[in-house]
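Beneath this line is the structure, given in structure tokens, with notes to follow.
The values are calculated or read from the model by the stated rules, or taken from the named source; none is laboratory data. Treat the numbers as computed from the prediction; the structure is a model and nothing was measured. Every residue, glycine among them, receives a Cβ derived from its backbone with ideal geometry; neighbour counts consider all protein chains shown. Accessible surface is based on the protein model in full, side chains and every heavy atom, while ligands, DNA and RNA are left aside. Shrake-Rupley method; radii C 1.70, N 1.55, O 1.52, S 1.80 Å.
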Amino acid sequence: MQHRSILLKVLQTSHGTTLISILAAAIVLVPILNLFVPESSFLHVPTFTVTVLGKYLCYALLALALDLVWGYCGILSLGHGAFFALGGYAMGMYLMRQIGDRGVYGNPLLPDFMVFLNWNELPWYWYGFDNGFFAMLMVLLVPGLLAFVFGWLAFRSRVTGVYLSIMTQALTYVLMQAFLLNDFGFGGNNGFTDFKDIFGADVQSDATRIALFVASGLFLIGAYFLCKFVTESKMGRVLVSIRDAESRARFLGYRVEHYKLFVFVLSAMLAGIAGALFVPQAGIINPTQFEPVFSIEVVIWVALGGRGTLYGAIIGGLVVNYTKSFYTGAMPEMWLFVLGGIFIISTIYANKGVIVGVILSVIAMTIFQPLAQAISEDFYQFILLAVVYAVLFSSAIYFDRLYDLAKSRIAATNWFTNLNQAPHTEEAKS
Amino acid sequence: MKALIRITALGIGLLFTLVSFAQSTEQTEETAENQPPNKFAERVQALNGRSFNAKIKAIETLSESKDPRVLPILKAMLDKDQGLYYRKSDDTIVTVEEVEDGLQLTDVLTGEDLGVVGKRDARKIGINNKVRNVLKSAIAVLELGADEKHIRLQSAQNLLKSPDKNLLSLLEERAELEDVASIKHLLEVAIALIKIDSDDQKVRLQAVEVLSSSVEPEAVNVVRKLAEVDEAGTYIEADLKVAELADAKLKSVETKLAMYRATENIFFGLSLGSVFLLAAIGLAITFGVMGVINMAHGEMIMIGAYTTFFVQQAMPNLIEASLFVAIPLAFLVSGAVGVLIERTIIRHLYGRPLDTLLATFGVGLILQQAARTYNSNNVPVITPSWMSSAWAPNGAISFNYNRIYILFFALVVLFSLALLLKKTLFGLQMRAVTQNRPMASSMGIRQNRVDALTFGLGSGIAGIAGVALSQITNVGPNLGSAYIIDSFMVVVFGGVGSLIGTFFGAFGLGVINKLLEPSFGAVVGKILVLIFIILFIQWRPRGLFALKGRFVED
């Protein structure tokens, strides 16, 4: 009975249910449209698109993992890319060992880059990665262990808020530096690529790609329900209370560090899974995944989608990455302007939802495009435009003031009406 | 730009030689009396000997004569662009200048204008590397007679690189006369470097003594070589006594060297620390006063560096003074951008530090991409000549002037900021807002204004840091992001909102970084520093100098 009631509860939220239904439908439909609809048809989904969608799902899983710690426990990790990349590297090591003697140098034991570096034997930390089961275990354990050690040290000494964020960013930055080294034994700048087999199947084949897509979707849905279960359990309530008033939760007798550590490690493991699913679909893993910019981008997926709502994180991950693909294909030099705009607008208008953010960022982009063009072409035109924008900005500030004023008036009237009508209840507060 | 500088340098050089020429011809009249003029002319003529060895011999005999005309002649001979020529018709040695319809000849002996001849009528006197080395040391010895200290020092240093044993007697004479201790020491080392090759054991032992008292790399290398042993453990050097002495002395030399290396490392650490300090002060202010994490801080630094570039573009003739224009201008530009960002974006986000982090990161991305759209490569910022050389008290250690200046500059900035905070009304208001925002507000301090100005101040200091950084690193779109993480580490390590904390944090991390680097490498050093900081905040979660009181929590 207990079990059933939880399941019911999980499915009660309508947004989440809708999203999960759509995802489930996609998992069923996309393979069908790829395999059984003829290529000439309008409805046919090319394998390339299937892989791209699969990568989006991995990103969405990463966003979900981050939302679990940030949205529900207030831990803003600027280093979740590190856990993603570590999971990816564990998977990459397995895939490298699967190449066997089919590499360029034909060495049955050593991956190509080691032969290239004149190494004679496999480093000890590469042992066991030829075994798929062991490798999958490492996908969970390596990010989990790092998160455990780092989190244990950080939470124990009550490093919170901004300090914690900066430390996580430094963590991924330092890891990036380390993985860039050739001597570190992970392929340096180039990372791992040229994968051949995964669990005995050809990585390049259509069937494998569809299987990977379906796996990504299933893991995402599974992770969604897991996070849902965690956040809606009693522990989830404690987590939220830690997010909102950590000292109070501690005074009430909860071991705050333990809760934080648990959810941090869980989130790191989910990120590791996302990375492991990502690597065979992307066909490469290299230190760019450790870049602080990537990790902070993940944060903005969550922020845009809606922090503290699991389905929001998934939507954010999908939407931003789709936008990114669009811009980097159509006008690559504009993408960082757009991303910057999304950062600013989604934080300022954090409460107004996805659509507003997207619209505003598109507006921001259209504002900045002529400016960016002018700066490279004509200096005087640039100055002129800069002046025009300065005027626009200052008038915007002026109107913003008016808006604030109006808002405070409205708030005042609301307060009066509330006073007259609604009695205070616990529900109204939340 | 570069061409212009080269031309000016060439012009100055030419002027210099002309002046020295003029001087030399004046003095010739006195000295020429002691010497039959023909003999000197003969010696000069010998420079155009048939073989290189003959030329070397001629150079050595020439340099022993006290004639002041020798130096410019030898210099001209060594000069890659100029060179000595001889007229084909009568073998007169001349210097030439290219003119439109041929070569303008000048007699090196008399300075007489010999008119313009066709390009084929005069020929360069060829030299090879061996001749070049002899020339160099001969010139160096001659220049040891110069009145200016820095010319003598320079020539003594050149002598160390290629000591010529035929000039030994001259060198000893000069060393005898020299009264500046450091130059004298260099000369003695040079003499010892020549004497070490002699056959007399006593002379060699003495030379080892001299060499082992010095830390010049040339001397140290010789001592090391003498003390070398082969696989069986016996000395390679045939003369056992010399080898033993060298071996005994080597230890103290190595300790000295290690000490100098450590000093240099600490200096590099302090220099890195000063860069951290410049980059982090602004962060510490905005973080401490407003609780705002400015991730665009690195881009403010970048704006400062680009301002330097634009200033230099605008005043190409005044590069030496450009930095003094760039510093206030960079402060204003970055500060204005800072105020604009504060008024448009950050204003909405007070009390939500993590959101300011994200929003300012977006601002940083946009600014970075704007710089990249302007020019995706690094832009060339020129280092003024007064910043570009190095101060080298001896051969084992040297300090770059730009790093020394930046070190002092960082301290000056810190000090003036401390003054601003302690002594001005604005500083008072800022401190009040830092310590208790609502109370300061009730006392009538206009928070908005203080916030905007504080953010502008922090950004302006970042701009100044950009000017300093443009002198020691490449200026490009990625300049800011390279320093931002280190700056945050400094703030976390030192303690938020405390200038003294930032000071110790910056220099502490700088020195730790540079001390770890030689033995672990840069990357592993960085990892160790991060681990160190993580462990450090176990002990002091709020940094070295934490603000105390209730307001700190949450």
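Is there a residue being of a type in the set (Gly, Ala, Ser), open to solvent by less than 30 Å² (accessible area, probe 1.4 Å) and closer than 19 Å to B:Ser63 by Cβ anywhere in the range B:117-127? Scanning the range B:117-127, I find no residue that is of a type in the set (Gly, Ala, Ser), open to solvent by less than 30 Å² (accessible area, probe 1.4 Å) and closer than 19 Å to B:Ser63 by Cβ, so the answer is no. Cβ separations smaller than 6 Å between residues 6+ apart or across chains give the following pairs from the range A:143-163 residues that are more than 7 Å from every other protein chain (Cβ to nearest Cβ) to residues that are surrounded by 17 or more Cβ atoms within 10 Å (Cβ to Cβ) and of a type in the set (Val, Ile, Thr): A:Gly144/A:Val265; A:Ala147/A:Val265; A:Phe148/A:Val265. Suppose the filter is open to solvent by 10 Å² or more (accessible area, probe 1.4 Å) and either touching a helix residue (DSSP H, G or I) at 6+ places or on another chain (Cβ under 8 Å) or not small (Gly, Ala, Ser) (or both); does A:Thr172 pass it? Criteria not met by A:Thr172. Taken together, the criteria exclude B:Val292 from residues that are of a type in the set (Val, Ile, Thr) and over 30 Å from B:Ala462 (Cβ atoms). The number of residues in the range B:271-319 that are crowded, with 24+ Cβ neighbours inside 10 Å and in contact with a Pro (Cβ under 8 Å, 6 or more places away or on another chain) comes to 3.
When the helices (runs of 4 or more DSSP H) confined to the range B:163-220 are screened for residues that are open to solvent by 20 Å² or more (accessible area, probe 1.4 Å) and over 16 Å from B:Val141 (Cβ atoms), those reaching at least 1 such residues are found at B:181-195, B:201-212.
On inspection, A:Ala303 fails the criterion of being buried (at least 24 other Cβ atoms within 10 Å of the Cβ) and under 21 Å from A:Leu140 (Cα atoms). Considering (1) buried (at least 18 other Cβ atoms within 10 Å of the Cβ); (2) aromatic (Phe, Trp, Tyr); (3) more than 19 Å from A:Val279 (Cβ to Cβ); (4) modelled with pLDDT of 90 or more, the lone condition that A:Tyr163 does not fulfil carries the number (4).
Looking across the range A:164-211, the residues that are touching a residue at least 12 places away in the same chain (Cβ under 8 Å), at positive phi and either part of a loop (DSSP other than H, G, I, E, B) or within 11 Å of another protein chain (Cβ to nearest Cβ) (or both) come down to A:Gly185, A:Gly187, A:Gly191, A:Asp194, A:Phe199. Among the residues of this structure, A:Leu220 counts as one that is among the hydrophobic types (A, V, I, L, M, F, W, C), open to solvent by less than 10 Å² (accessible area, probe 1.4 Å), part of a helix (DSSP H, G or I) and more than 13 Å from chain B (Cβ to nearest Cβ). Taking the range B:59-100 only, how many residues are at positive phi and within 38 Å of the chain's Cα centre (by Cα)? Selection size over the range B:59-100: 1.
So that you can scan it fast, the table gives a plain yes or no per residue for (1) assigned by TED's automatic domain parsing to the domain that holds B:Leu421; (2) buried (at least 21 other Cβ atoms within 10 Å of the Cβ); (3) touching a residue at least 40 places away in the same chain (Cβ under 8 Å):
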residue: B:Ile464; (1), (2), (3): yes, yes, yes
residue: B:Ser470; (1), (2), (3): yes, yes, yes
residue: B:Asn478; (1), (2), (3): yes, no, yes
residue: B:Ile485; (1), (2), (3): yes, no, no
residue: B:Leu515; (1), (2), (3): yes, no, yes
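Among residues of the range B:63-92 being in contact with a strand residue (DSSP E or B) (Cβ under 7 Å, 6 or more places away or on another chain) and without any contact (Cβ under 8 Å) to a residue 24 or more places away in the chain, the one that is least open to solvent (accessible area, probe 1.4 Å) is B:Thr92. The selection criterion, being open to solvent by 20 Å² or more (accessible area, probe 1.4 Å) and either within 20 Å of A:Ala223 (Cβ to Cβ) or at pLDDT 90 or above (or both), does not hold for A:Ala60. Only one of the numbered conditions (1) open to solvent by 80 Å² or more (accessible area, probe 1.4 Å); (2) in a strand (DSSP E or B) is not met by B:Thr95, and that is (1). Here the range B:338-361 is the region considered, the condition is being hydrophobic (A, V, I, L, M, F, W, C) and open to solvent by 40 Å² or more (accessible area, probe 1.4 Å), and the residue that is nearest to the other protein chains (Cβ to nearest Cβ) is B:Leu340. So, of the residues in the range B:372-402 that are within 14 Å of chain A (Cβ to nearest Cβ) and within 28 Å of the chain's Cα centre (by Cα), which turns out to be least open to solvent (accessible area, probe 1.4 Å)? The residue in question is B:Val379.
Set side by side, the residues A:Glu257, A:Glu232, A:Glu291 differ, and just one is within 14 Å of another protein chain (Cβ to nearest Cβ) and either under 14 Å from A:Trp70 (Cα atoms) or more than 16 Å from the chain's Cα centre (by Cα) (or both), which is A:Glu257. Which condition does B:Ile73 not pass, out of (1) more than 24 Å from B:Ser169 (Cα to Cα); (2) not in a strand (DSSP E or B), if it passes all the others? Condition not satisfied by B:Ile73: (1). When the test is whether a residue is away from chain A (no Cβ under 13 Å) and either in a helix (DSSP H, G or I) or loosely packed, with under 14 Cβ neighbours inside 10 Å (or both), B:Val333 does not pass it.
Kindly evaluate A:Leu109 against the criterion of being assigned to a helix (DSSP H, G or I), touching a helix residue (DSSP H, G or I) at 6+ places or on another chain (Cβ under 9 Å) and either within 14 Å of another protein chain (Cβ to nearest Cβ) or not charged (D, E, K, R) (or both). No.
In the range A:40-81, which residues are without any contact (Cβ under 8 Å) to a residue 12 or more places away in the chain and in contact with a Pro (Cβ under 8 Å, 6 or more places away or on another chain)? Result: A:His44, single match.
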